1. Return yes or no: is Lys36 over 20 Å from Asp3 (Cα atoms), open to solvent by 50 Å² or more (accessible area, probe 1.4 Å), of a type outside the set (Phe, Trp, Tyr) and in a loop (DSSP other than H, G, I, E, B)?
2. Since Glu16 meets every condition but one in (1) open to solvent by less than 70 Å² (accessible area, probe 1.4 Å); (2) not in a helix (DSSP H, G or I), which condition does it not meet?
3. Suppose we keep only residues that are aliphatic (A, V, I, L, M), in a strand (DSSP E or B) and out of contact with any His (no Cβ under 8 Å at 6 or more places or on another chain) within segment 45-78. Which one would you say is farthest from Pro97 (Cα to Cα)?
4. On the given criteria, is Lys53 open to solvent by 70 Å² or more (accessible area, probe 1.4 Å) and within 15 Å of the chain's Cα centre (by Cα)?
5. Kindly indicate whether Leu28 is farther than 25 Å from Lys87 by Cα and open to solvent by less than 70 Å² (accessible area, probe 1.4 Å).
6. Counting only residues that are surrounded by 16 or more Cβ atoms within 10 Å (Cβ to Cβ) and within 20 Å of Ser43 (Cβ to Cβ), how many does segment 59-73 have?
7. Within segment 79-101, which residues are of a type outside the set (S, T, N, Q) and either open to solvent by less than 70 Å² (accessible area, probe 1.4 Å) or touching a His at 6+ places or on another chain (Cβ under 9 Å) (or both)?
8. Can you tell me how many residues in segment 39-75 are touching a strand residue (DSSP E or B) at 6+ places or on another chain (Cβ under 7 Å) and more than 21 Å from Asn15 (Cα to Cα)?
Amino acid sequence: FCDIILIDMSAKNMNELELVAKKLHTYLKNRVINEKFGLLLYSPVPSPIDRIKDRYRWRMIIKCKYDERVNNLLTDSLEEFLKMKTKTARVNIEINPNNML
């Protein structure tokens, strides 16, 4: 493994954030298992700075070799997030971030 993908999630409501984080993790986990991706998917956890400007923050980390399959997986997971129709939740994906705060 050589690339790190950081999925940063935030919301004004902690319950909404936990729901989004769990749904995204379940979606990714099922895809990884069913399609036999060679990657490490970590469970969502609160970010080191867990609250900024009245927004709760969680993150999920993926370690893998970044390629087109992984890019498609991430694109599909963003589409899955949009289907959730949340009120305040946001998702940001960074590949090889400079810092992980």
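The values are calculated or read from the model by the stated rules, or taken from the named source; none is laboratory data. All of these numbers come straight from a predicted model, not from anything done at the bench. So basically every Cβ, Gly included, is an ideal-geometry build from the backbone, and we count neighbours across all protein chains shown. The protein model used for the area step is the full one, side chains on, heavy atoms only, and it has no ligands, DNA or RNA in it. Shrake-Rupley method; radii C 1.70, N 1.55, O 1.52, S 1.80 Å.
1. On the way: over 20 Å from Asp3 (Cα atoms): no; open to solvent by 50 Å² or more (accessible area, probe 1.4 Å): yes; of a type outside the set (Phe, Trp, Tyr): yes; in a loop (DSSP other than H, G, I, E, B): yes.
Spelling it out, it is not the case that Lys36 is over 20 Å from Asp3 (Cα atoms), open to solvent by 50 Å² or more (accessible area, probe 1.4 Å), of a type outside the set (Phe, Trp, Tyr) and in a loop (DSSP other than H, G, I, E, B).
2. Condition not satisfied by Glu16: (2).
3. As a first pass, look at segment 45-78 and keep what is aliphatic (A, V, I, L, M): 45, 49, 52, 60-62, 70, 73-74, 78.
With the extra rule that they be in a strand (DSSP E or B), the set shrinks to 45, 49, 52, 60-62.
Those still in the list that are out of contact with any His (no Cβ under 8 Å at 6 or more places or on another chain) too: 45, 49, 52, 61-62.
Numbers: Val45: 17, Ile49: 16, Ile52: 19, Ile61: 11, Ile62: 12 Å.
Checked segment 45-78; the qualifying residue farthest from Pro97 (Cα to Cα) is Ile52.
4. Numbers: open to solvent by 70 Å² or more (accessible area, probe 1.4 Å): yes; within 15 Å of the chain's Cα centre (by Cα): no.
Criteria not met by Lys53.
5. On the way: farther than 25 Å from Lys87 by Cα: no; open to solvent by less than 70 Å² (accessible area, probe 1.4 Å): yes.
It is false that Leu28 is farther than 25 Å from Lys87 by Cα and open to solvent by less than 70 Å² (accessible area, probe 1.4 Å).
6. First, pick out the residues of segment 59-73 that are surrounded by 16 or more Cβ atoms within 10 Å (Cβ to Cβ): 59-62, 64, 66, 70, 73.
Checking the rest, the ones that are also within 20 Å of Ser43 (Cβ to Cβ) come to 59-62, 64, 70, 73.
Of the residues in segment 59-73, 7 are surrounded by 16 or more Cβ atoms within 10 Å (Cβ to Cβ) and within 20 Å of Ser43 (Cβ to Cβ).
7. In the first step, residues of segment 79-101 are kept if they are of a type outside the set (S, T, N, Q); the result is 79-85, 87, 89-91, 93-95, 97, 100-101.
Within segment 79-101, Glu80, Phe81, Met84, Ala89, Val91, Ile93, Pro97, Met100 qualify.
8. 10
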